[in-house]
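Report on the following structure.
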Amino acid sequence: RGSANPTFRVLFYAQQHGDEVSGKDALLYLVRDIAREPSRLPKDVDLWVMPMMNPDGAEAGTRRNSAGADLNRDHVTLFQPETEALHRVARRVRPHLAVDAHEFGRDSEEWTAKGWEKWPDITMDGLDNPHFDRERMAAARRWVDEAAAAEEKAGHRFLRYWVGGAPPDDEQRHSAPDADGGLNGVGAYGGLSFIIEAAVRHESKNPSADLGNRVDAYLVLFRRFLEGGGHRAEDLAVVERARRLPLPAFLPTDALWVNPGGTVTEFPAVEVATGKVVKVATPNLMTEVAVKRSVPTPLGYAVDPKAAPEIAALLGRHGLPFETLGAPRTVAAETCTLLRVEEEFDDVYSRYGGRTIVKRGAAKETELPAGSLWVPLEGEAALRAAMVLEPAAMYGLWQYPRLRALVGTDGTIPVRRVVKAPK
């Protein structure tokens with residue numbers, strides 16, 4: 001802590017993927033430098049650092065943990081102890097600003113086939129899930145837009161975070177808007193949230209040859225976040241306003257990256273043979289998150305008794321409040337039906353597998369039996385509860401086999417949308 005009563009809480013965490021080391025190393029250097037010179041930590045900052053989220057993967061040099069799980073796809077279910085621990089810290093700290101640190105391959109197959117490698121040394125993006133308020137997303141985007149100048153001054157090349165194939169024909173997009181990654185999963189606690197990725201040459205004989213450069217590029221951004229970039233008071237006010245916002249009238253259930261204006265982007269690449277930077281005109285960099293479908297916001301969710309133990313455990317991992325009914329209650333509720341789960345990658349819309357195709361039923365008076373769970377959408381936890389439980393979401397709980405086992409043989413989802421308060 002910079003003082004006895006810091007006002008701005010920051011959470012940095014790294015190495016969710018065990019084979020991505022530069023963010024972790026940068027955080028250790030950051031902690032070392034602050035320990036040697038405490039004045040490096042501004043007095044208004046309360047800094048929390050989790051430098052190694054995946055010690056199993058770090059030891060084995062693998063992306064996944066020893067259970068074979070990708071931790072950065074586990075922020076909805078929290079099945080893994082590592083992600084559950086991160087969310088316990090996030091609930092305790094309630095960070096105003098959080099950063100998830102990763103690495104990306106500079107020399108991926110699609111690029112080397114063209115004789116190119118990716119240009120930036122480091123990339124960053126801000127929270128982008130459509131459940132979040134526009135003011136907070138704009139504040140995060142401002143940090144992204146201002147990062148290029150800071151990195152250039154330090155001798156590093158910066159672009160906004162993106163993934164995808166090689167331009168111009170392949171599609172590229174910015175960070176996934178889904179809730180199962182750390183960027184938006186931790187962002188659901190109401191603060192500004194970011195993902196940073198530094199570039200590594202995986203196919204090099206010595207991928208660690210430029211590790212110092214990657215670490216330095218990280219430190220530029222970490223230190224700037226701590227210093228505030230001249231935006232501390234504004235960021236604090238944005239976060240505090242976001243945490244007081246009620247849920248909107250409608251919840252987005254399907255969103256994807258699009259290029260609505262057909263914008264043609266000049267995409268930089270490096271010719272491996274010459275080291276020359278070339279600009280590739282591509283119309284296939286997606287520029288905006290579009291909401292394709294929304295549903296009316298319910299008052300809360302009711303969970304059938306047969307699914308109550310598993311869902312209660314899920315709610316407990318998220319620290320979400322709920323009530324177990326000791327006696328039946330009558331509500332007006334919508335029952336949803338799982339029509340299918342699409343496991344294949346969608347090449348048309350460039351979307352991950354695991355899409356849950358759900359049909360909403362009409363609201364009907366329903367008696368909830370004793371043993372049902374009642375999860376109201378109230379208070380600061382309402383946004384997180386909706387992001388976790390909404391049964392109509394395209395990437396909902398039912399994509400996961402362990403939770404899909406709770407769905408009835410007729411496809412009935414055991415989480416109902418309550419539209420009239422329990423009596």
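How would you classify region 181-243 from its alpha-carbon gyration tensor, with a ≥ b ≥ c the square roots of the eigenvalues: rounded for a/c under 1.5, else prolate if a/b is greater than b/c, otherwise oblate?
oblate
Just to confirm my numbers, what's the Cα centroid distance between region 1-65 and region 349-416 in Å?
Going from one Cα centre to the other spans 35 Å.
Once neighbouring chains are kept in place and the probe is 1.4 Å, which whole percent of the accessible area of the chain is contributed by carbon and sulfur?
Taking all protein chains in place, the chain shows 52 percent carbon and sulfur surface.
Out of the GluC sites (Glu not before Pro) in region 282-382, which ones are loop residues according to DSSP with at most 11 other C-beta atoms within 10 Å?
Taking region 282-382 and a limit of 11 other Cβ atoms within 10 Å, the loop GluC sites (Glu not before Pro) found are Glu343, Glu344.
Once phi is turned into θ = phi - 60°, what whole-Hz ³J(HN,Hα) does the Karplus curve with 6.51, -1.76 and 1.60 give for every residue of region 51-56, x standing for Gly and Pro?
Karplus values, whole Hz, x for Gly and Pro: x, 9, 6, 10, x, 4.
For the chain, what does the relative contact order come out to in percent, with C-alpha contacts under 8 Å and a separation of six or more?
15
Search the structure for amide H atoms under 5 Å from the amide H of Leu251, placed 1.01 Å from N in the peptide plane, and list their residues when 5 or more places away or on another chain.
Those lying under 5 Å, H to H, from Leu251 are Val295, Thr297.
Identify the trypsin sites (Lys or Arg not before Pro) of region 182-230 meeting these criteria: DSSP loop state and at most 16 other C-beta atoms within 10 Å of the C-beta.
Here the sparse-neighbourhood loop sites are Arg201, Lys205.
Could you work out the helix-only [θ] at 222 nm for the chain, with each DSSP H run of four or more residues adding -39,500 (n - 2.57) and the total divided by the number of residues, to the nearest 500 deg cm²/dmol?
-8000 deg cm²/dmol
Leaving out ligands and nucleic acids, note down the accessible area per residue over region 339-423 with a 1.4 angstrom probe, in whole Å².
Accessible area per residue, region 339-423: 49 Å².
Tell me whether region 102-190 comes out rounded, prolate or oblate; compute the Cα gyration tensor, take square roots of the eigenvalues as a ≥ b ≥ c, and use a/c under 1.5 as the rounded threshold.
Oblate, since a/c reaches 1.5 and b/c is not below a/b.
Can you list residues from other chains, or at least 5 along the same chain, whose modelled amide H is less than 5 Å from the amide H of Ala14?
Under 5 Å from the amide H of Ala14: Met50, Met52, Met53, Ala101.
Show the residues, 5+ positions off or on another chain, whose built amide H is closer than 5 Å to the amide H of Arg201.
Here the answer is Arg106, since their amide H atoms fall under 5 Å of that of Arg201.
Name the shape class, rounded, prolate or oblate, that the alpha-carbon gyration tensor gives for region 322-388, where a ≥ b ≥ c are the square roots of its eigenvalues, rounded holds for a/c under 1.5, and otherwise prolate holds if a/b is larger than b/c and oblate otherwise.
prolate
Could you pull out the chymotrypsin sites (Phe, Trp or Tyr not before Pro) across region 298-386 that fall in loop regions by DSSP (anything but H, G, I, E, B) with no more than 13 other Cβ atoms inside 10 Å?
Of the chymotrypsin sites (Phe, Trp or Tyr not before Pro), the ones in loops of region 298-386 whose Cβ has at most 13 other Cβ atoms within 10 Å are Phe345, Tyr349.
Could you give the distance between the Cα centres of region 66-97 and region 129-178, to the whole Å?
23
Explain nothing, just compute: Karplus ³J(HN,Hα) = 6.51 cos²θ - 1.76 cosθ + 1.60, θ = phi - 60°, for every residue of region 320-337 in order, whole Hz, x for Gly and Pro.
8, x, 7, 10, 9, 6, x, 8, x, 9, 9, 9, 9, 9, 9, 9, 9, 10
The values are calculated or read from the model by the stated rules, or taken from the named source; none is laboratory data. Because the structure is a prediction, the values reported are computed rather than measured. Note that we place each Cβ from the backbone using ideal geometry, even for glycine, and neighbour counts take in every protein chain shown. Heavy atoms of the whole protein, side chains included, go into the accessibility calculation; ligands, DNA and RNA do not. Shrake-Rupley method; radii C 1.70, N 1.55, O 1.52, S 1.80 Å.
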